[in-house]
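No lab work stands behind these numbers, since they all come straight from the coordinates. All of these numbers come straight from a predicted model, not from anything done at the bench. Here the Cβ positions follow ideal geometry from the backbone for every residue, glycine too, while neighbour counts run over all protein chains shown.
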Amino acid sequence: MKDTLNERLDERGQVGIGTLIVFIAMVLVAAIAAGVLINTAGFLQTKAEQTGEDSTAQVSNRVAVVSGSGNVDGNTVDRVNLTVMRGSGADDINLSAATIEWIGPDTATTLTKSDTADSGNFSVSAIRDTDDSQPVLNSQDDRFVITMNATQISSPLDEGDEVQLKITTQYGSTTIYRVTVPRSLSQKNAVTV
């Protein structure tokens, strides 16, 4: 009878040790899974922050067009000038890294900055540049003129012609400006476009 009692106690001890081993294994698996989840959550948080910053930069780091004008030569506009400034809340904008898509009336092309607009691209000159940073808009007070030679890009713009200009900064943000030539250019040297 004593042997039977000892056998039962041995069996109970073995069952208790087995349960303890299973419990420890479950705790280890849970700890590993928690570590993987925490690592994944940290990675996703970093990616989400980066995506948020990039999206904010694309929205806020844009050029604001103050005004547009056209140089009249005969009955056509041969040059388009845009006065631009840094958009509200924007970081420094380097216009030499910007592109302008010229769409209309008879061509679509992408322009880049060059020293002169006569090359079929665009040039930048300063109206107000407090720290001589041209072509970087680094102050809200900076005003630059972007000049495009329509004759070199496609052909001079006739009365009533429209061109869509899409200015894209180095951050990927875009500003769309529509150039509309007035219906009458007679006896004018310059017009608002």
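Summary table
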{"read-out": "Under the Karplus curve 6.51 cos²θ - 1.76 cosθ + 1.60, θ = phi - 60°, whole-Hz ³J(HN,Hα) for the range 96-111, x wherever Gly or Pro sits", "value": "6, 9, 8, 10, 10, 8, 9, 10, x, x, 10, 7, 9, 8, 10, 9"}
{"read-out": "Relative contact order (%) - criterion: Cα under 8 Å, at least six apart; region: the chain", "value": "23"}
{"read-out": "q = 0.21 Å⁻¹: log10 I(q)/I(0) that the Debye formula gives for the range 64-105, counting C-alpha atoms only", "value": "-0.87"}
{"read-out": "For the range 84-175, alpha-carbon Rg and Dmax in angstrom", "value": "13.6, 40"}
{"read-out": "With Cα atoms, 0 to 90° folded angle of helix 2-60 axis to the chain main axis", "value": "10"}
{"read-out": "Förster-model FRET efficiency, 22 Å R0, THR116 and ALA190, C-beta, rounded to 0.05", "value": "0.65"}
{"read-out": "Ratio of the Cα radius of gyration of the chain to 2.2 N^0.38 Å, where N counts its residues", "value": "2.07"}
{"read-out": "Surface/4 of the Cα convex hull for the range 92-146, nm²", "value": "4.1"}
